[in-house]
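Working notes for the structure below.
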Amino acid sequence: MNKLSRRKLITGAVATTAGVSGLAVAANLADRYGLIPPARRGFYSPGDTLTYASQRLLTRHSMAREFPRSEISKTPFVNGPPFQSAEFKRLEAGGFSGWQLAIDGLVARPGTLSLAQIRSYPSRSQITHLACEEGWSYIAEWTGVPLAHVLEAVGMLPQARYLIYSSMDPNWEDSMDMADALHPQTFLAYGLNGGDLPVGNGGPLRMRVPRQLGYKSVKHINRLKVTDTLKGYASDSSYSWYAGI
Amino acid sequence: MADSAWDPSLATDHVTTATAPRHTAVNRVTHWITALCFFALLVSGIEILISHPRFYWGEAGNSSTPPLFTIPIPASRATVPTGYSYVLPDQNGWSRSLHFQAAWGAVLTGLLYFIAGIVTGHFRRNLLPARGDLKWAALSNVIAGHLRFQNPGENESWSYNVLQRLAYLGVIFVLFPLIIWTGLAMSPAFVSAFPGSVTALGGQQSARTIHFFDCILLVLFLMVHVAMVIIAGFRSRMRAMITGRAGHR
């Protein structure tokens, strides 16, 4: 009996040590391969981490589904009243010719781009789903410039890990990792269904991240910031930072 | 003791039952973790549903497209035309976080249960109905017994009857896998890697609608399950699922 319990004790100790060091190695590897979400929220950290790690292993390069023209929703749903501020109205009255996109952070050439400059970049179109976390969705054709092209144009530095993107609406700011920021379907969109992007759908410039839920596709984008850390950003939201789900 | 009452098979049974629990430790632990996760998923799922109590078929659907059907309740978002003049408080933030955390808990627990069920022969021995029990005569006998509210025999605290077996198999191998599948089919990232998972269901909104009906079936199962536990003897059945000990034969 004594012998048995000693054996049990030793086995237990070895198993615990192996388990703990195994976990530490796994955590280290997971961090190195970008499997740990930068914004975790206490009690929900296990779920956040499992979801993000699984998605990054499964979907780092996968392409969002694209649809035929016949699947485009008749009315691209406008979710709530449009954003209105004095400055936004002034810019809208001027046909958004004065709209500026500021880019700073870990880039070689920080500065601002006008809407005309953004439109002069090679444009791409995609017919993709916009799915809201509430449950509704619509399919539309989005036209814009792939975000990767803009980031390359301003000389993104190699230590970049995240992109923080802000709306003129002070309530909206979000961030994403480089797997989504450099993804070929992530657009700075300025066109919808062949026309200019309406204000109600996020005009004049909207982030489109089709592999995540609608709340990551922030409207009225006027600032991009490239960073290597999200400390101080996007941590207190009750919504999951990663919304590929 | 009269010799004529001596049944050796009963005696052997008695010896085994004294040592073997009614439910294995793995089954008891996974049962209660699943129960906890299911409760969390149900509450958070209802909260999420309240933000858009309309259902659609196909790929896309929203407040300006005709619904397949609506749940006649107020919504937690002002953009949903519900016919009510007020808007419920928005609880989606914590609800969504809890929903996915509990989903992970349920899936991982289910995986453990599934592997243990195959390794220990639980599915084959305790859940797979005997061929004879699936014959109509045998089935109708059990159904008639249920309809007459006959009390279960003593042997039923040690073994599942054919209706229980079919119900459990349906929940374990149809309803749970389907609700995980339809849940994943609503994930824009998951379907980017596995587009067939959503097109096979008829689209993302179809997946959401099936997810809802699957949940209704699971809640119906839960209600019957709890009612049966109460009718069969709440204390003895709860004791069997908590401690593993069942009543004496």
For the subset of the range B:192-249 comprising residues that are without any contact (Cβ under 8 Å) to a residue 12 or more places away in the chain and of a type in the set (Gly, Ala, Ser), which member is surrounded by the most Cβ atoms within 10 Å (Cβ to Cβ)?
B:SER192
Filter pass, A:LEU101 being at pLDDT 95 or above, over 30 Å from B:PHE212 (Cα atoms) and touching a Phe, Trp or Tyr at 6+ places or on another chain (Cβ under 6 Å)
no
I'm trying to understand the selection: among the residues of the range B:100-115, which are buried (at least 18 other Cβ atoms within 10 Å of the Cβ) and in contact (Cβ under 8 Å) with a residue 12 or more places away in the chain?
B:GLN101, B:ALA102, B:ALA103, B:GLY105, B:ALA106, B:THR109, B:GLY110, B:TYR113
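Yes or no, residue by residue, for (1) among the acidic types (Asp, Glu); (2) surrounded by fewer than 22 Cβ atoms within 10 Å (Cβ to Cβ):
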residue	(1), (2)
A:ILE127	no, yes
A:TYR138	no, no
A:ARG161	no, yes
A:MET178	no, yes
A:HIS183	no, no
A:PHE187	no, no
A:ASP196	yes, yes
Do you know which residues across the range A:138-176 are touching a residue at least 60 places away in the same chain (Cβ under 8 Å) and farther than 30 Å from A:ARG32 by Cβ?
A:TYR138, A:ILE139, A:ALA140, A:GLU141, A:TRP142, A:GLY144, A:SER167, A:MET168, A:ASP169
Count - residues of the range B:52-62 that are more than 8 Å from chain A (Cβ to nearest Cβ), over 18 Å from A:GLY80 (Cα atoms) and of a type outside the set (Phe, Trp, Tyr):
1
Counting only residues that are over 22 Å from the mean Cα position of the chain (by Cα) and among the basic types (Lys, Arg), give me the helices (runs of 4 or more DSSP H) lying completely in the range A:1-102 with at least 3 of them.
A:2-32
Out of (1) of a type in the set (Lys, Arg); (2) in contact with a Gly (Cβ under 9 Å, 6 or more places away or on another chain); (3) more than 17 Å from A:TRP142 (Cα to Cα), what's the single condition that is false for A:LYS231?
(2)
What number of residues within the range B:63-103 satisfy the criterion of being facing chain A (nearest Cβ under 9 Å), within 28 Å of B:ALA200 (Cα to Cα) and more than 30 Å from the chain's Cα centre (by Cα)?
3
Based on this model, can you work out whether A:ALA15 counts as of a type in the set (A, V, I, L, M) and closer than 28 Å to A:TYR239 by Cβ?
no
Filtered residues of the range B:71-98 (kept if among the polar types (S, T, N, Q), surrounded by 20 or more Cβ atoms within 10 Å (Cβ to Cβ) and over 23 Å from A:VAL78 (Cβ atoms)):
B:SER95, B:SER97
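One line per residue, one yes/no per condition, for (1) in contact with a Gly (Cβ under 8 Å, 6 or more places away or on another chain); (2) closer than 17 Å to A:HIS183 by Cα; (3) within 13 Å of another protein chain (Cβ to nearest Cβ):
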residue	(1), (2), (3)
A:ASN201	no, no, yes
A:ARG208	yes, yes, yes
A:ARG211	yes, yes, yes
A:LYS216	no, yes, yes
A:ASN222	no, no, no
A:TRP241	no, no, yes
A:GLY244	no, yes, yes
Which condition number does A:LEU91 fail, the rest of (1) within 14 Å of another protein chain (Cβ to nearest Cβ); (2) of a type outside the set (S, T, N, Q); (3) in contact with a Gly (Cβ under 7 Å, 6 or more places away or on another chain) being met?
(1)
From the options A:TYR33, A:TYR52, residue that is under 28 Å from A:LEU130 (Cα atoms), surrounded by 10 or more Cβ atoms within 10 Å (Cβ to Cβ) and of a type in the set (Phe, Trp, Tyr)
A:TYR52
Within the range A:114-136, the count of residues that are within 14 Å of chain B (Cβ to nearest Cβ) and in contact (Cβ under 8 Å) with a residue 60 or more places away in the chain comes to 8
Assess whether A:HIS129 counts as being at pLDDT 95 or above, assigned to a strand (DSSP E or B) and not polar (S, T, N, Q).
yes
Name every residue in the range A:169-214 that is assigned to a strand (DSSP E or B), of a type in the set (Phe, Trp, Tyr) and more than 21 Å from A:THR59 (Cα to Cα), in order of residue number.
A:TYR190
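Residue-by-condition table, conditions (1) free of Cβ contacts under 8 Å to residues at least 24 places away in the same chain; (2) more than 10 Å from chain B (Cβ to nearest Cβ); (3) under 21 Å from B:GLY183 (Cβ atoms); (4) touching a His at 6+ places or on another chain (Cβ under 7 Å):
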| position | (1), (2), (3), (4) |
| --- | --- |
| A:ALA30 | yes, yes, no, no |
| A:TYR33 | yes, yes, no, no |
| A:ILE36 | yes, yes, no, no |
| A:ALA39 | no, yes, no, no |
| A:ARG56 | no, no, yes, no |
| A:MET63 | no, no, no, no |
| A:SER73 | no, no, no, no |
| A:PHE77 | no, no, no, no |
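The values are calculated or read from the model by the stated rules, or taken from the named source; none is laboratory data. Please read all numbers here as calculations on a predicted model, not as lab measurements. In this analysis, Cβ positions are derived from the backbone assuming ideal geometry, glycine residues included, and neighbour counts consider all displayed protein chains.
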